[in-house]
Each structure stands twice: as C-alpha cells, then as structure tokens.
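Here is the structure we will look at, set down as structure tokens.
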C-alpha cells in the first residue's frame, strides 16, 4: 500500500473506447463526486470539454485508471489509457497519477447497483472509486514525462 498524496482538486478519468467516466474531488480531498461521463469523440473535441471542466473545477492534476491484469501486467486497454492520459496531461499541462483500475467497473456496479449500465453512470462511478483509491494510497501526481505506467500503476493498487 502506498502513501496518501497531498489532497488537492483532481479530475479522475476511467478511459474507455466509447466513454470517459469522470469524477472530481474538492481541494481538501474530502468529497469525491462522480461527474457526467464524456462521450468520446475526436481528441480535440474531448480536450475542449475537459479543459473547461478543469478550469471550472480548479483542477491541479489528473488521476487516470490503467487496467492491469491479474498479474499486474498492462493490458492492451492499459496502453490505450496511458497514451490518452499522457496526451491529455501534456495538452492541459497538468501532472498525472496512474492508478490500477483492475475490477473498478465491477466494484462500482456492485456498490451502486449499476450492472449493465450503458449511460455512463457506471463509468463515472468507477472513476470515483479510482479517485477514492488515489486519495487513500497515492501515488503522488507527477509531470507526465517523469511518469511511467510500470513504476506507478503496477505497484499493487487495485
């Protein structure tokens, strides 16, 4: 288990091929709230929406879920999530933390009764779980060029 990071206003992303689940927290890290999921479009369109969301919420960092397999190894989707998170971090000039999202959608469906949801509520509930996990266990936010999925997402966080 890692060490809790310094609380701050962050945006958590559960990146999927069709939607991005979103969650945010207050600057003290006390309240975590699922936000409306983003229907994926072109990166530039996603960026416009996410930039405005970050501005209005005074976001100072990103938490991106990376799905690792049962052995802690990156999946094909993990590579996609990391690439998207790196691109977004660069474009928004925000530091990022990678969190293992293995089973987060299942856990969110169980906790909130959202099994089979296709509206985006499940995606954002999963993003909220990732954010709660990050607030509890870290790792710290880092500029994307100093960060790698292997060193921070595979450290056992589930």
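The values are calculated or read from the model by the stated rules, or taken from the named source; none is laboratory data. Remember, it's a predicted structure, so these values are computed and weren't measured experimentally. Note: ideal-geometry Cβ built from the backbone for every residue, glycine included; neighbour counts use all protein chains shown.
When residues of region 47-57 are filtered for being touching a residue at least 40 places away in the same chain (Cβ under 8 Å), surrounded by fewer than 20 Cβ atoms within 10 Å (Cβ to Cβ) and outside any loop (DSSP other than H, G, I, E, B), how many remain?
3
State which residue is surrounded by the fewest Cβ atoms within 10 Å (Cβ to Cβ) when the search covers only region 80-96 and only residues that are farther than 14 Å from residue 50 by Cα and out of contact with any helix residue (DSSP H, G or I) (no Cβ under 8 Å at 6 or more places or on another chain).
Going through the qualifying residues, I end up with 83.
Among (1) at pLDDT below 95; (2) closer than 15 Å to residue 135 by Cα, which single condition is residue 102 missing?
So the condition that residue 102 fails would be (2).
Between a first residue in region 58-75 that is on the phi < 0 side of the Ramachandran plot and in a loop (DSSP other than H, G, I, E, B) and a second residue that is crowded, with 20+ Cβ neighbours inside 10 Å and modelled with pLDDT of 90 or more, which pairs have beta carbons less than 6 Å apart while being 6 or more apart in sequence or on different chains?
59/11; 67/78
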